[in-house]
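No lab work stands behind these numbers, since they all come straight from the coordinates. What you see is a predicted model, and the numbers here were worked out from it, not measured in a lab. Here the Cβ positions follow ideal geometry from the backbone for every residue, glycine too, while neighbour counts run over all protein chains shown.
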Amino acid sequence: MNVAIVMLALFGSVWLLAVIESWATTGRLRPAAPLLSGLAHLGRESVVPRTPDRLFFEAAPLLFLIVAVLGVAVLPLAPTVVIADLTTGALFINAALAYVLVALIMAGWGPNGAYAMIGGWRFLGQLIAYAMLIVMPITAVAIRAESMVNTAIVGSQDGLWNIIYQPLGFVLFFIAAMALAFRSPFDLPVAEGELAGGVDAEYTGARLAVLRLARLTLVVTLAFSITVFYLGGWHGPLLPAWAWSLIKTLAVAVSMLLAGRYLPRIREADLLKWCWTLGIPLALLNIVVVGLLVLVVP
């Protein structure tokens, strides 16, 4: 039962996010736009490159979608609505989403095209930059909760959300999540103006539809993670617990779509430099501050 509820909430959020993205792009609010776009992709011919690595080419979109969905399995929608409340749930999310890199490298290598391959290796550069900024803020969140169980992490925010308790960790995790979802200004793997779509360049038809669905699903999964780790999860007045989780998740997902819309794309070298010389020291500072607060403040 929980599996059905969580999957319905996930793909319902993806549909709403696709509608909002279409609205922001075209200026027209069309609830049927995601369905029409999907049908359009399915109706087009799926062109296969001349000399692909067929296994990687076919598996990459499906792996990307599976990984994006897998992360939701340990995130609680409500106190008793979670697919798997693992004792290492917080780290499971990081471990599962690490395979986004595998999927994008496969999508870049499989078509045997220059633009796609460059896009895949660009994402590898982003991983080196943002990976520690995913793990280290999660560590600080777990320190406060004294647990890596996600329901316990939400429970620890009953009186004070982590966005207030550790705002620096929230900012770092939000930036890292945008880089993981390769949303602008971190959209180096697709870079339509430079790479003609990058990792998407050689995909058409149903395969491209799956890639785009996976990318929106990844945004929702990461927004759900931010809700659980920093926005108090299901906590909120009046409305049911699941409703607060969905409202917060959708709000974060929309902010991720809009945050970098008017910012210039960041060069991979600059992203690496800033993350390693500024981001990681700040993440260490956040862990120290949270540790001191846990020791000093009851």
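Given the Cα atoms of the chain, and with Rh set as the inverse mean 1/r over their pairs in the Kirkwood sense, what is Rg to Rh to two decimals?
0.97
Highest mean first, what order results for 116-124, 163-171, 286-294 on Cβ atoms within 10 Å?
Numbers: 116-124: 22.4, 163-171: 18.7, 286-294: 15.8.
Averaged packing, sorted descending, gives the order 116-124, 163-171, 286-294.
Would you mind estimating how fast segment 55-160 diffuses translationally, via Stokes-Einstein at 10 °C and 1.306 mPa s with the Kirkwood radius over Cα pairs, in µm²/s?
Result for D is 104 µm²/s.
Give me the one-decimal nm value for the distance between modelled label points at Arg261 and Ser46, 7 Å along each residue's Cα-to-Cβ direction.
Distance between label points: 3.3 nm.
How would you order 147-154, 76-83, 254-261 from highest to lowest mean count of nearby Cβ atoms within 10 Å?
For the peptides 147-154, 76-83, 254-261, the packing ranking is 147-154, 76-83, 254-261.
Residue by residue, what Karplus-based ³J(HN,Hα) values in Hz, rounded to whole numbers, does segment 130-139 have, using 6.51, -1.76 and 1.60 with θ = phi - 60° and x for Gly and Pro?
Working through the residues one at a time gives 8, 4, 5, 7, 8, 6, 5, x, 4, 4 Hz.
Sticking with the crude label model, points 7 Å out along Cα→Cβ, report the distance from Glu194 to Arg30 in nm, one decimal please.
3.1 nm
Any idea what Rg and Dmax come out to for segment 16-61 if you just take the C-alpha atoms, in Å?
Expressed in Å, the Cα Rg and Dmax of segment 16-61 come to 15.0, 41.
Taking the Cα-to-Cβ direction at Tyr99 and at Ala114 and moving 7 Å from each Cα, how far apart do the two end points lie in nm?
Taking the simple label geometry, Tyr99 and Ala114 are separated by 3.4 nm.
Quick one: grab the alpha carbon gyration tensor of segment 204-272, order the square roots of its eigenvalues as a ≥ b ≥ c, and give me rounded if a/c is under 1.5, else prolate or oblate depending on whether a/b is larger than b/c.
The shape class here is oblate.
Just to verify a number: FRET efficiency for Met1 and Val294, C-beta to C-beta distance, R0 = 45 Å, to 0.05?
0.80
What is the dipole size for segment 201-298, taken about its Cα centre, with +1 at each Lys and Arg Cβ and -1 at each Asp and Glu Cβ, in debye to the nearest 20?
Working: 8 positive and 3 negative charges, 49 e Å.
Rounded to the nearest 20 debye, it is 240 debye.
Taking 45 Å as R0, compute the FRET efficiency from the Cβ-Cβ separation of Glu58 and Glu146 and round it to 0.05.
0.50
What whole number of Å gives the distance from the Cα centroid of segment 202-231 to the Cα centroid of segment 173-187?
Their Cα centres are 12 Å away from one another.
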